[in-house]
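Visitor: My questions will all concern the structure given below.
Readers should treat all values here as calculations from the given coordinates under stated rules, not as data from a laboratory. It should be emphasised that the depicted structure is a prediction, and the values quoted were computed from it without experimental measurement. In this analysis, Cβ positions are derived from the backbone assuming ideal geometry, glycine residues included, and neighbour counts consider all displayed protein chains.
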Amino acid sequence: MGNSPLVNNIKKPKAVVFDTDNTLYPYEAAHNAAMEAVRSKGISSLNVTQQEFDEAFKKARSDVKKKLQDTASSHSRLLYFQRTIEYLGLGTKILLTLDLEQAYWRAFLINARLFPGVKDFIYQLKSDKVITANVTDLTAQIQFRKMVYLGMDEHFDYVVTSEEAGKDKPHSAPFDIILSKIGVAPSDIWMIGDNPINDIEGALAAGMVPFQKIHDGVKVSQIIKDGNGIAFEDFYKLLDVYKSLCSNKS
């Protein structure tokens, strides 16, 4: 755990809200495997070089994100691959676009693995009647598929996607919706995420207690450094902290 002054002042939560990507599981390994599968299929199907495909994909992704900004559809692999093919000068190829998207998510899900201790921590929360929830960016369909594949679909009492909210985190909309569903004061809620802005800043602005999951590639939030949140590297250690709060409660 981090050295935040909050460590000695936090209380047992009435609800815990989790981010999904790069919080419940390491994102990069799954994404890299998925992109390799798409790249292989795309190069073969389109008769282009790897450099040509990669450059077109980079341009397509940037274009989609610029136009759609902080919305669920800005993360759409379907749109990324559609624009990739179009930037290669081949027009809109619907069947191939769908095929590439399926190849991406198939490889992604096969390579997605929960961080150690995630389920143990949630099992303890559920046993103690603590409300569990998930606030996640991207469209509902793929995020729900991830939950099912990871065996997490029965572990959350409530879920809010940025598709439902209309905006990605750290916009207040996803946090407002989950708070309305949970019905618990924000100060009694732990928000667990990895992203310094989307998760940690968003949680603090919503009045929740931010917990940042730290691992390779994650930049420690300034909020954490300033002592307004708590960092942890291992869900088992977080479970130990939670249990100590339960044993010390009056």
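Visitor: Identify, by number, the condition in (1) farther than 28 Å from Asp199 by Cα; (2) free of Cβ contacts under 8 Å to residues at least 40 places away in the same chain that Phe57 doesn't meet.
Guide: Evaluating Phe57 over (1) farther than 28 Å from Asp199 by Cα; (2) free of Cβ contacts under 8 Å to residues at least 40 places away in the same chain leaves (1) as the failure.
Visitor: In region 226-250, what residues are within 22 Å of the chain's Cα centre (by Cα) and charged (D, E, K, R)?
Guide: Those that are within 22 Å of the chain's Cα centre (by Cα) and charged (D, E, K, R): Glu233, Asp234, Lys237.
Visitor: Next up: How many residues are closer than 24 Å to Gln124 by Cβ and touching a Gly at 6+ places or on another chain (Cβ under 8 Å) if we restrict to region 140-174?
Guide: So the count comes out to 0.
Visitor: Continuing with the same structure: Only residues that are farther than 16 Å from Arg77 by Cα and among the polar types (S, T, N, Q): list them for region 41-65, please.
Guide: Hits for region 41-65 are Ser44, Ser45, Asn47, Thr49, Gln50, Gln51.
Visitor: Right, here's the next one. Give the residue that is farthest from the chain's Cα centre (by Cα), with candidates limited to residues of region 61-104 that are more than 25 Å from Lys169 (Cβ to Cβ) and of a type in the set (Val, Ile, Thr).
Guide: Thr92
Visitor: How many residues are in contact with a helix residue (DSSP H, G or I) (Cβ under 8 Å, 6 or more places away or on another chain) and either among the small types (Gly, Ala, Ser) or touching a residue at least 24 places away in the same chain (Cβ under 8 Å) (or both) if we restrict to region 84-106?
Guide: 15
Visitor: In region 127-136, how many are of a type outside the set (Val, Ile, Thr) and surrounded by 15 or more Cβ atoms within 10 Å (Cβ to Cβ)?
Guide: Residues that pass the stated criteria total 2.
Visitor: Can you tell me which residue in region 117-136 is farthest from Asp199 (Cα to Cα), limited to those that are of a type in the set (Lys, Arg) and assigned to a helix (DSSP H, G or I)?
Guide: Lys126
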